[in-house]
Amino acid sequence: MGPVSPWWEPHVHADRRPLLLARGRIIAALRTFFAVRDFVEIEAGILQVSPGNEAHLHAFATELVTPAAARSRLYLHTSPEFAAKKLLAAGEPRMFELARVFRNRARGALHHPEFTLLEWYRANEPYETVMDDCVAILGVAARAAGARALTFRGRCADPFAPPERLTVADAFARLAGIDLMATLGQHGGDRDALARQAAAAGIGCAADDDWSDVFSRILVERIEPNLGIGRVTILDEYPAVEAALARRKPSDPRVAERFELYACGVELANAFGELTDADEQRRRFESEMAEKARRYGERYPIDEDFLAALARMPPASGSALGLDRLVMLVTGASRIDQVIWTPLAAPE
């Protein structure tokens, strides 16, 4: 097998161009979708003092040099979330952005270091409304591209069919035979209890895996590949320990108001009923950064300005949807690079 031709070779671009034009039509349709619902389009700053405070989120760092030659570290944002929530605190009731975001240590068929998130927020509206948005957006994208189905690696989903709504606990029971809630308390999980169930289901775990590691292994191996087949799936009520920025459900504080949208086994969107307790958010961030330091030997600063704004933020719900992945599934592309106009060349 010879070297892969770069994307700018005319014959390569000719193959990609129909997908890229479909991307443009989808973006135009999405802007109309939000405009008729009284959303304002924002432009969040890419340079931030903190790129996010989740243990397994890896950012690109840079340096700010002032005219007086003082230096300070900044990061390319991994999401416009912190900035958008500051705008919620400022009084914006509905907003969306097609945000260019950056995540390190990510490259593959579904991952690119620089990609586009469609992110939107609704103040004083429940997260079930955001579920409705997600489902409607699939139809908008499919119509814009002239597609009747979402497809990826031989799997299909009808973007116009009513979604399946499934709790994480029900998915673990149905697809892996695991009683997740029996391992879960209000402040964390019983690692050994979950690992024993995983082993009984034929899922291997490492000796140093914690509860979240075991949870992720089960999710990746047994749950995700079976979601969004035939119709899209809304996977709801994530364990609170897996939802650092979401509020707990009043009916069961072991789980949070977090859902993910899946089609063809691919995660498309991640959404929350947003946490507005600044003290609780600080505790979660500190816990996540302690775990990041333990695993990766680094931590990111906490954005104190964000926590100050969070204390003033109204109740809200929001979602981040991977635009590039949506375009892939609507157009039938096999790799994310095919639907990005100028993808980063892979390192040799």
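Descriptive notes on the structure:
- Residue in the range 240-248 that is of a type in the set (Val, Ile, Thr) and modelled with pLDDT under 95 present: yes
- Odd one out for Val130, checked against (1) of a type outside the set (Ser, Thr, Tyr); (2) assigned to a helix (DSSP H, G or I); (3) modelled with pLDDT under 95: (3)
- On the stretch given as the range 267-286, residues that are more than 20 Å from Lys86 (Cα to Cα) and crowded, with 24+ Cβ neighbours inside 10 Å total 2.
- Of everything in the range 177-218 that is under 23 Å from the mean Cα position of the chain (by Cα) and of a type in the set (Gly, Ala, Ser), the residue that is surrounded by the fewest Cβ atoms within 10 Å (Cβ to Cβ) is Ser216.
- Matching residues, the range 150-175, being farther than 18 Å from Ala201 by Cβ, out of contact with any Lys or Arg (no Cβ under 7 Å at 6 or more places or on another chain) and small (Gly, Ala, Ser): Gly154
- Scanning the range 5-27 for residues that are over 16 Å from Thr331 (Cα atoms) and surrounded by 11 or more Cβ atoms within 10 Å (Cβ to Cβ) yields Ser5, Trp7, Glu9, Val12.
- Residue in the range 51-70 that is assigned to a helix (DSSP H, G or I), in contact (Cβ under 8 Å) with a residue 12 or more places away in the chain and not basic (Lys, Arg) present: no
- Number of the exception - Ala149 against (1) more than 23 Å from the chain's Cα centre (by Cα); (2) without any contact (Cβ under 8 Å) to a residue 12 or more places away in the chain: (1)
- Considering residues of the range 326-348 that are outside any loop (DSSP other than H, G, I, E, B) and touching an Asp or Glu at 6+ places or on another chain (Cβ under 6 Å) only, the residue surrounded by the most Cβ atoms within 10 Å (Cβ to Cβ): Val339
- Residue tally, condition surrounded by 21 or more Cβ atoms within 10 Å (Cβ to Cβ) and either closer than 22 Å to Ala311 by Cβ or under 15 Å from the mean Cα position of the chain (by Cα) (or both), over the range 245-256: 4
- Note on the range 295-325: residues that are crowded, with 20+ Cβ neighbours inside 10 Å, among the hydroxyl-bearing types (Ser, Thr, Tyr) and out of contact with any Ser or Thr (no Cβ under 6 Å at 6 or more places or on another chain) amount to 2.
- The single condition from (1) among the basic types (Lys, Arg); (2) more than 20 Å from the chain's Cα centre (by Cα); (3) surrounded by 11 or more Cβ atoms within 10 Å (Cβ to Cβ) that Arg71 fails is (3).
- Only one of Glu242, Glu221, Glu237, Glu164 that is under 21 Å from the mean Cα position of the chain (by Cα) and farther than 28 Å from Glu274 by Cα: Glu221
- Matching residues in the range 189-215 - criterion: being closer than 12 Å to Asp179 by Cβ and part of a loop (DSSP other than H, G, I, E, B): Asp190, Ala201
- Hits in the range 81-118 (condition: surrounded by 16 or more Cβ atoms within 10 Å (Cβ to Cβ), free of Cβ contacts under 8 Å to residues at least 60 places away in the same chain, under 13 Å from Ala59 (Cα atoms) and touching a strand residue (DSSP E or B) at 6+ places or on another chain (Cβ under 7 Å)): Val101, Phe102
- Checked against (1) touching a residue at least 24 places away in the same chain (Cβ under 8 Å); (2) loosely packed, with under 14 Cβ neighbours inside 10 Å; (3) within 30 Å of Tyr300 (Cβ to Cβ), Phe39 passes all but a single condition, namely (2).
- Which numbered condition Glu291 misses (of (1) farther than 20 Å from Asp133 by Cα; (2) within 16 Å of the chain's Cα centre (by Cα)): (2)
The values are calculated or read from the model by the stated rules, or taken from the named source; none is laboratory data. Computed from a prediction, not measured in an experiment: that's the story for all the values here. As a convention, Cβ positions derive from the backbone with ideal geometry for all residues, glycine included, and neighbour counts pool all protein chains shown.
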